[in-house]
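> I have a structure here, written as structure tokens, and I will follow up with some questions on it.
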Amino acid sequence: MLSREERNPLSDWWWTVDRPMLGAIIALMLCGIVLSLAASPAVAVRIGLDPFHFFNRHVLFLLPSFIVLIGVSFLSPRQIRRTALIVFAVSVILIVVTLLIGPEVKGSRRWITLLGVNIQASESAKPSFVVVAAWLFAESTKRPEMPATTMALVLLLMLVALLVMEPDFGQTMLILMVWGALFFIAGMRMIWVMGLAGAAAAGLFTAYLLVPHVAGRIQRFMNPASGDTFQVDTAMEAFSNGGWFGLGPGEGIAKRSLPDSHTDFVFAVAAEEFGIVLCLALLALFAFIVIRALSRAYANDDMFARFAASGLAIMFGVQAAINMAVNLQLIPAKGMTLPFISYGGSSIVSLSYGVGMMLALTRLRPRSELASLGDGATAPSYV
């Protein structure tokens, strides 16, 4: 055990980080290992790979991800701003390169291979963009004469345009929702919020009219008889088969035919093999992390830390909600991973980076430390 009397970076981190939130995140990672072992072997065998190919890679991705999570949680708010700006700039460059030379898979260009590793740059762009946007919104509250809100809107339009060109409408919707939430939290006038919501609705309707891929998914959701709904139908059958306590580890049937049972539909595999009880436990973990982060952010007097932690928590929760809603056939299908549960190297590393920043921004920091960093107003003793 680390003593409170010890004064070193490790002890300072341990006594200031939100340990219950950290424990919930680690629990999610452990659940991801178990569910990857349950869902991925059937997919690997079906495409001619070693049965534990995806499981081994999932564990391999978790190791550097955990290091990133812990390392980033040591950073100060100033360091978080600077690293987020660098990560966002690099991510935008990689997205442009992906659009130019990336391979086309199922009509989209989302991946690029660097040094033998497949990278989806849009994943790393999400948390870094949220932090940069929160920084600009915080500056607009301190210095109204600065066009920070306009700059945040320009960055949003640039990122959305790149994501639409891939195309990746799931990530686009997530970015728009988080940015809109930050815009609202920053205290902007309601007329602007309503205007942006109307613009987003108009954009979705335009995509429905002009993009056959989007129109097909919406039509299949509204009228299942109009197209192939095999994956979502199989996922719903998995929930029905599993009942409250599931069929047992390895006894699931849906994963044998679901092409994305280890990624987009891992929640359905969890329901079939471990039951609704485990699904509710996962839901409780996600809800605890989001509510805990929002409550800690609300208690923070530093505007940047408040906005950034809130935005990261909302992004984390909305992404989980979208994945679970697709599995339950509540919304049209989207390619959205379940945080720390679904297979995907870029997703896991980027989520760890975002959650690490969330832990860093919700740490209890002495006022003297924040004052020396120039991070704005603070509470009387701790933020």
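So that you can scan it fast, the table gives a plain yes or no per residue for (1) part of a loop (DSSP other than H, G, I, E, B); (2) closer than 21 Å to Ser40 by Cβ; (3) of a type in the set (A, V, I, L, M); (4) free of Cβ contacts under 8 Å to residues at least 12 places away in the same chain:
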{"site": "Ala305", "(1), (2), (3), (4)": "no, no, yes, no"}
{"site": "Ala308", "(1), (2), (3), (4)": "no, no, yes, no"}
{"site": "Gly311", "(1), (2), (3), (4)": "no, no, no, no"}
{"site": "Val326", "(1), (2), (3), (4)": "no, yes, yes, no"}
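> Pairs please, first residue from region 107-122 and within 22 Å of Ala84 (Cα to Cα), second anywhere and of a type outside the set (Asp, Glu) and surrounded by fewer than 17 Cβ atoms within 10 Å (Cβ to Cβ), Cβ atoms under 7 Å, 6+ apart in sequence or on different chains.
Trp111/Pro103; Trp111/Val105; Trp111/Asn118; Ile112/Val97
> Now a separate question. In region 144-181, how many are over 17 Å from Ala121 (Cβ atoms), surrounded by 20 or more Cβ atoms within 10 Å (Cβ to Cβ) and in contact with a Ser or Thr (Cβ under 7 Å, 6 or more places away or on another chain)?
So the count comes out to 1.
> Here is a further query. In region 39-53, which residues are open to solvent by less than 10 Å² (accessible area, probe 1.4 Å) and either in contact with an Asp or Glu (Cβ under 9 Å, 6 or more places away or on another chain) or on the phi > 0 side of the Ramachandran plot (or both)?
Answer for region 39-53, where residues must be open to solvent by less than 10 Å² (accessible area, probe 1.4 Å) and either in contact with an Asp or Glu (Cβ under 9 Å, 6 or more places away or on another chain) or on the phi > 0 side of the Ramachandran plot (or both): Ala39, Val43, Ala44.
> Go through region 54-112 residue by residue and tally those that are aliphatic (A, V, I, L, M), farther than 18 Å from Ser128 by Cα and touching a strand residue (DSSP E or B) at 6+ places or on another chain (Cβ under 8 Å).
Final tally of qualifying residues: 3.
> Please work out which residue is farthest from Pro127 (Cα to Cα), limiting yourself to region 92-106 and to residues that are open to solvent by less than 60 Å² (accessible area, probe 1.4 Å) and without any contact (Cβ under 8 Å) to a residue 40 or more places away in the chain.
Taking the candidates together, the pick is Gly102.
> Still on this structure, I have one more. Output yes when any residue across region 1-14 is under 18 Å from the mean Cα position of the chain (by Cα) and within 22 Å of Gly354 (Cα to Cα), and no when none is.
Quick first cut of region 1-14, residues under 18 Å from the mean Cα position of the chain (by Cα) only: none.
No, region 1-14 has no match at all.
> Can I ask one more? With Phe340, Phe274 as the choices, which residue is modelled with pLDDT of 90 or more, among the aromatic types (Phe, Trp, Tyr) and in a helix (DSSP H, G or I)? Lay out the reasoning, then the answer.
Working: Phe340 fails: in a helix (DSSP H, G or I).
None of the others qualify; the one that does is Phe274.
> Continuing with this model, one more query. Taking region 233-268 as the search range and keeping residues that are surrounded by fewer than 24 Cβ atoms within 10 Å (Cβ to Cβ) and β-branched (Val, Ile, Thr), which one is nearest to Leu282 (Cα to Cα)?
The extreme case among them is Thr263.
> For region 107-140, give me each residue that is closer than 16 Å to Phe183 by Cβ and either under 20 Å from the mean Cα position of the chain (by Cα) or surrounded by fewer than 17 Cβ atoms within 10 Å (Cβ to Cβ) (or both). Quick ask: steps written out before the conclusion?
Within region 107-140, the first condition is being closer than 16 Å to Phe183 by Cβ, and the residues that meet it are 129-140.
Result: Phe129, Val130, Val131, Val132, Ala133, Ala134, Trp135.
> Might you check whether a residue that is in a helix (DSSP H, G or I) and modelled with pLDDT under 90 occurs anywhere in region 256-265? Explain how you work it out, then say what you get.
Pass one, region 256-265, residues in a helix (DSSP H, G or I): 256.
After this cut, where a residue has to be modelled with pLDDT under 90 as well, the list is 256.
There is at least one residue in region 256-265 that is in a helix (DSSP H, G or I) and modelled with pLDDT under 90.
> To continue, here is another question. Going through Ser310, Ser295 one at a time, which residue ends up being of a type in the set (Ser, Thr, Tyr) and farther than 22 Å from Ser122 by Cβ? So that I can check it myself, show each step before the final result.
Working: Ser310 fails: farther than 22 Å from Ser122 by Cβ.
The conditions single out Ser295.
> May I pose another question? Failed condition for Val355, given (1) surrounded by fewer than 24 Cβ atoms within 10 Å (Cβ to Cβ); (2) among the aliphatic types (A, V, I, L, M); (3) not in a loop (DSSP other than H, G, I, E, B), with all others met?
Result: Val355 passes all but (1).
> Do you know which residues across region 136-189 are under 22 Å from Pro332 (Cβ atoms) and β-branched (Val, Ile, Thr)?
Answer for region 136-189, where residues must be under 22 Å from Pro332 (Cβ atoms) and β-branched (Val, Ile, Thr): Val160, Val164, Thr172, Ile175, Val178.
> Here is a follow-up. Under the condition of being aliphatic (A, V, I, L, M) and free of Cβ contacts under 8 Å to residues at least 40 places away in the same chain, which residue from region 130-154 is farthest from Leu196 (Cα to Cα)?
Initially, region 130-154 is screened for residues aliphatic (A, V, I, L, M), giving 130-134, 136, 138, 146, 148, 151-154.
If we keep only those that are free of Cβ contacts under 8 Å to residues at least 40 places away in the same chain as well, we get 136, 146, 148, 151-154.
Details: Leu136: 18, Met146: 21, Ala148: 17, Met151: 15, Ala152: 13, Leu153: 10, Val154: 13 Å.
Restricting to residues being aliphatic (A, V, I, L, M) and free of Cβ contacts under 8 Å to residues at least 40 places away in the same chain, the top hit is Met146.
The values are calculated or read from the model by the stated rules, or taken from the named source; none is laboratory data. All values derive from a computational prediction rather than experimental measurement. FYI the Cβ positions are ideal-geometry reconstructions off the backbone, even for glycines, and counts take in every protein chain you see. Quick note on the areas: whole protein, heavy atoms, side chains included, nothing else; ligands and nucleic acids left out. Shrake-Rupley method; radii C 1.70, N 1.55, O 1.52, S 1.80 Å.
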